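Enquirer: Shown below is the structure under consideration.
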Amino acid sequence: IADYHKTNSAQFMAPELRDMTVIHIDPNEIATQMKPTDEQIREEFEHRRSAFDIPERRTIRQLVTGDEETARKAYEALKQGGDFTATAKDVAGRPEESTRLGNLTRGDLPTELADAAFKLELNVVSQPVKSPLGWHVLLIEKIDPGTTHTLEDIKPQLVRELARELAVDNIVGNSNKIEDALAGGGGLDAVA
């Protein structure tokens, strides 16, 4: 028996146990107790308003020429039902790929073009428009409407985010108090 016990002594030993005192601080748990004020919510909304709004986008084609006369010819051909790609090639000598501007916001375009493009209705060609780049005839192929959110739309999200920020601030403040109390000789049980 003594030999067996000596060979298998690990089976007969109780594991080492330790008592621990832990202060668990969870910002998500604390955030549930934080209540941002209406003023804080309004300020955050105003500060981040542009991040919540999605601008209107338009898929735009353009036929660009160096002179007004060619632009007017192209415009007239298109008003008579001409195909945009064929008109760009036949009247202005432009390949199809040069007519596709893409899906753009107002801010993506020079002012003259943006003003014209964002007044147009879907599948309607513009009168010739002059810009520093030449004369343009525009066609809107698709309109993706923008969205503007109100404070009420975004409020639940802002409350969650602000509560979390307040919780983190609370934790930082309490961490300093805990360190000071521990440095002053207080035990962790008393500090907690």
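Enquirer: What distance in nm separates the simple spin-label points at residue 32 and residue 179, each placed 7 Å from Cα in the Cβ direction?
Expert: 2.9
Enquirer: Would you kindly state how much longer the chain becomes between residue 85 and residue 22 on full extension, computed as 0.36 nm times their sequence separation minus their alpha carbon distance, in nm to one decimal?
Expert: That pair, residue 85 and residue 22, stretches by 15.5 nm at full extension.
Enquirer: Then there is this: Segment 101-192: Rg/Rh from Cα coordinates, Kirkwood Rh?
Expert: Ratio of gyration radius to Kirkwood radius for segment 101-192: 1.51.
Enquirer: Please sort 51-64, 9-22 by packing, taking for each peptide the average over its residues of neighbouring beta carbons within 10 angstrom, highest first. Each step should come with its number before you reach the end.
Expert: Working: 51-64: 18.1, 9-22: 6.1.
My ranking of the peptides, most packed first, is 51-64, 9-22.
Enquirer: Suppose all protein chains stay in the model; what accessible area per residue would a 1.4 Å probe give for the chain, in Å²?
Expert: On a per-residue basis, 68 Å².
Enquirer: Along the charge dipole of the chain, Cβ charges K/R +1 and D/E -1, which of 11, 31, 137 sits furthest on the positive end?
Expert: After comparing all options, I get 137.
Enquirer: Between residue 40 and residue 189, take the C-beta separation as r, use R0 = 41 Å, and let me know the FRET efficiency to the nearest 0.05. If you can, show how the numbers build up before the last one.
Expert: Numbers: r = 35 Å, r/R0 = 0.85.
After rounding to 0.05, the efficiency reads 0.70.
Enquirer: Tell me which residues come under 5 Å, amide H to amide H, from residue 144 once H is placed; ignore anything under 5 positions away on its chain.
Expert: Residues meeting the amide H criterion: 57, 58, 59.
Enquirer: Could you list, bin by bin from short to long, the percent of Cα-Cα pairs of segment 1-85 in 5 Å steps?
Expert: Going out from 0 Å in 5 Å bins, segment 1-85 shows 2, 8, 7, 7, 6, 5, 4, 5, 6, 5, 5, 6, 6, 5, 4, 3, 3, 3, 3, 3, 2, 1, 0 percent.
Enquirer: Residue 108 versus residue 168, label points 7 Å from Cα toward the beta carbon: distance in nm?
Expert: With each label point 7 Å from Cα toward Cβ, the separation is 3.3 nm.
Enquirer: Continuing with this model, one more query. Per-residue HN-Hα couplings for segment 62-69, Karplus 6.51 cos²θ - 1.76 cosθ + 1.60 at θ = phi - 60°, whole Hz, x for Gly and Pro?
Expert: Going residue by residue, I get 9, 10, 10, 9, x, 9, 5, 4 Hz, with x marking Gly and Pro.
Enquirer: Relative to the longest principal axis of the C-alpha atoms of the chain, give the angle of the C-alpha long axis of helix 151-183, reported between 0 and 90° and rounded to the nearest 10°.
Expert: For helix 151-183, the angle is close to 30 degrees.
Enquirer: Rounded to the nearest 0.05, what FRET efficiency do residue 133 and residue 161 have when you use their Cβ-Cβ distance and R0 = 45 Å? Let's see the in-between values first.
Expert: On the way: r = 43 Å, r/R0 = 0.95.
That gives a FRET efficiency of 0.60.
Enquirer: A further question on this structure: Which order do you get for 149, 24, 136, 5 if you rank them by accessible area with a 1.4 Å probe, largest at the top?
Expert: Numbers: 149 60, 24 145, 136 0, 5 90 Å².
Ranked list, largest accessible area first: 24, 5, 149, 136.
Enquirer: Follow-up question, since we're still on this one. What are the principal axis extents of the Cα atoms in the chain, in Å, biggest first?
Expert: Result for the chain: principal-axis Cα extents of 107, 57, 26 Å.
Enquirer: If you place +1 on the Cβ of every Lys and Arg, -1 on the Cβ of every Asp and Glu, and leave all else neutral, what size is the dipole of the chain about its Cα centre, to the nearest 20 Debye? Before the final figure, lay out each step's value.
Expert: Numbers: 23 positive and 34 negative charges, 153 e Å.
Around 740 debye, computed over the chain.
Enquirer: Note down the relative contact order for segment 20-141 as a percent, whole number, built from C-alpha pairs under 8 angstrom at least six residues apart.
Expert: Across segment 20-141, relative contact order equals 30 percent.
Enquirer: Using Cα centres only, tell me the gap between segment 115-148 and segment 52-73 in whole Å.
Expert: When both Cα centres are located, 5 Å separates them.
Enquirer: For segment 104-120, what does the Karplus curve 6.51 cos²θ - 1.76 cosθ + 1.60, with θ = phi - 60°, yield as ³J(HN,Hα) per residue in whole Hz, taken in order and with x for Gly and Pro?
Expert: 10, 9, 4, x, 7, 10, x, 3, 4, 6, 4, 4, 5, 5, 8, 9, 5
The values are calculated or read from the model by the stated rules, or taken from the named source; none is laboratory data. Predicted model, so just to flag it, every value in this text is computed and none were measured. Positions of Cβ are backbone-derived with ideal geometry, glycine not excepted, and every protein chain shown enters the neighbour counts. We work out accessible area using only protein heavy atoms, side chains counted, and drop any ligands, DNA or RNA first. Shrake-Rupley method; radii C 1.70, N 1.55, O 1.52, S 1.80 Å.
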